[in-house]
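See below for the structure under consideration.
No lab work stands behind these numbers, since they all come straight from the coordinates. Since we're looking at a predicted model, the values are computed, not measured. Using ideal geometry, Cβ is built from the backbone for each residue, glycine included, and neighbour counts are taken over all protein chains shown.
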Amino acid sequence: MPRATTFGLRATDYDRLRPGPHPEALERVLPADAGRVVDLAAGTGLVTRAVLARPTPPAVVIAVEPDARMLGLVSGAVAVRGTAEHLPLRDGSVDAVVASSAWHWFDAEAATAEIARVLRPGGTLGLLWSRADPTVDWVAEVRGIGRAAADGSAQLSRRGFAFSLPDGHGFVDDTPDAVHVGWTRAMTRDEVAGMVCTYSGVLELDDAAQREVFRVARGRLDDLVEGPDPIDVPFETVARRWTHR
């Protein structure tokens, strides 16, 4: 099974525990007047929900996702099977495309060409990434437990994101400096340990190994974070936007 399609193994947990984009970051990449919006690599619809929750939601949200198990949890959108490299949409048929925590799974050249094809002139592409903030020591250590089990290294990247698009597809960068939004979410320790187990490297492990990741992460949370449940978990959403000319 390709790693990119492991998330459907625990689609309900992914939907419940993974963060969607912060509304402020979404506002920076999605024009208020966008009428037809694509949630690309929609997963369980975390971005779709945030888009539909806007004061003036778009007329149509199209959730494009290759994994039927994930797509089955999407609501409020036109849900279609597809990939970034092969979008099941007409030329120039949408006002905006948004992809969250997904760009690293795409063939950047093929995906950029397809997105350019389906966007109308003046349409926008917004890329977002939401994650527990790895600059916070306890977050880095707990997330590193999953990485160590999956890849043999507990080192979690603390670098900023460097989204970039291939040249030659008519995109103009609207945000040379990425937008960063920090926020917190109240979660129980069980939920945080469960979130660690929703990452692709852990999902590739057998059931016993996944349970061990949960057990170790849950135990370290007791050691590292003071106070009763729920705890405040620091997150960040990073966003960039391009306009198609």
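Going by how many other Cβ atoms sit within 10 Å of their own, how do ASP151, ASP13 line up, fewest first?
Working: ASP151 12, ASP13 17.
By the 10 Å Cβ count, ascending: ASP151, ASP13.
May I ask you to derive the FRET efficiency for ALA59 and ASP223 from their Cβ-Cβ distance with R0 = 45 Å, giving the value to the nearest 0.05? It would help to have the intermediate numbers written out before the result.
Details: r = 50 Å, r/R0 = 1.11.
Here the calculated transfer efficiency is 0.35.
So which chymotrypsin sites (Phe, Trp or Tyr not before Pro) in segment 24-131 end up in coil per DSSP with only 15 or fewer other C-beta atoms within 10 Å?
Numbers: sites: TRP103, TRP105, PHE106, TRP129; in loops: PHE106.
Within segment 24-131, no chymotrypsin sites (Phe, Trp or Tyr not before Pro) qualify (loop, at most 15 other Cβ atoms within 10 Å).
Quick one: THR112, THR243, THR44, fewest Cβ neighbours within 10 Å first, how do they rank?
Details: THR112 24, THR243 17, THR44 27.
Listing THR112, THR243, THR44 from fewest to most nearby Cβ atoms yields THR243, THR112, THR44.
Near the amide H of ALA42, under 5 Å away, which other amide H atoms are found, from residues 5 or more places off or on another chain, if H is placed in the peptide plane?
VAL64, GLU65
Helix 137-151 sits at what angle to the longest principal axis of the chain, using alpha carbons and giving 0 to 90 degrees rounded to 10?
Relative to the chain, helix 137-151 is tipped by roughly 90 degrees.
Shape call for segment 21-128 from the C-alpha gyration tensor, a ≥ b ≥ c root eigenvalues: rounded (a/c under 1.5), prolate (a/b greater than b/c) or oblate?
Values: a/c = 1.38, a/b = 1.09, b/c = 1.27.
Rounded.
Work out from phi, with θ = phi - 60° and the Karplus expression 6.51 cos²θ - 1.76 cosθ + 1.60, the ³J(HN,Hα) of each residue of segment 167-174, listed in order in whole Hz, and give x for Gly and Pro.
6, x, 10, x, 9, 10, 6, 8
Taking 0.36 nm per residue of separation and subtracting the Cα-Cα distance, what length does fully extending HIS180 through THR135 add? Intermediate results must be reported in sequence, preceding the final value.
Details: separation 45, 0.36 × 45 = 16.20 nm, distance 1.34 nm.
Full extension of this stretch gives 14.9 nm more.
Count charges around ILE115 for me, please; just the other residues with Cβ under 13 Å from its Cβ, Lys/Arg as +1, Asp/Glu as -1. Intermediate results must be reported in sequence, preceding the final value.
Working: positive: ARG117, ARG120, ARG241; negative: ASP39, GLU85, ASP91, ASP95, ASP107, GLU109, GLU114.
Value of the local net charge: -4.
What is the pair-distance distribution P(r) of segment 131-245, computed from all Cα-Cα distances in 5 Å bins starting at 0, with each bin given as a whole percent?
Pair shares across the bins are 2, 11, 18, 19, 15, 12, 9, 7, 5, 2, 0.
Tell me the label-point distance for the pair ALA68, SER200, using the 7 Å Cα-to-Cβ offset, in nm and rounded to one decimal.
2.2
Please give the contour-minus-distance gain from ALA108 to VAL172: 0.36 nm per residue of separation, less the Cα-Cα distance, rounded to one decimal in nm.
Numbers: separation 64, 0.36 × 64 = 23.04 nm, distance 1.60 nm.
Stretched out fully, the ALA108 to VAL172 stretch lengthens by 21.4 nm.
Take the Cβ-Cβ distance between ASP33 and GLU85 as r, set R0 to 25 Å, and report the resulting FRET efficiency rounded to the nearest 0.05.
On the way: r = 28 Å, r/R0 = 1.13.
In this case the efficiency is close to 0.35.
Using alpha carbons only, how many angstrom separate the centre of segment 27-86 from the centre of segment 91-157?
Using only Cα atoms to place each centre, the spacing works out to 15 Å.
Can you list residues from other chains, or at least 5 along the same chain, whose modelled amide H is less than 5 Å from the amide H of ARG185?
Placed amide hydrogens put VAL233, PHE235 under 5 Å from ARG185.
Can you give the Rg to Rh ratio of the chain, both from alpha-carbon atoms, with Rh computed by the Kirkwood formula? It would help to have the intermediate numbers written out before the result.
Numbers: Rg = 18.0 Å, Rh = 18.6 Å.
Result: Rg/Rh = 0.97.
Taking only Cα atoms, what is the 0 to 90° angle, nearest 10, from helix 207-224's long axis to the longest principal axis of the chain?
70
Mean-square fluctuation check for the chain, GNM, Cα pairs under 10 Å: which of THR12, THR175, THR56 is largest?
THR56
Angle check, please: helix 108-118 long axis (alpha carbons) against the longest principal axis of the chain (alpha carbons), in degrees 0 to 90, nearest 10.
40
Name the residue, out of SER101, SER200, SER164, whose mean-square fluctuation peaks in a Gaussian network model built on the chain with Cα pairs under 10 Å.
Highest fluctuation among the options: SER164.
Check which residues have an amide H placed less than 5 Å from ALA178's amide H, if you skip close sequence neighbours.
When sequence neighbours closer than 5 places are left aside, there are no close amide H contacts.
Based on Cα positions only, what radius of gyration and what Dmax would you give for segment 1-67, in angstroms?
12.9, 40
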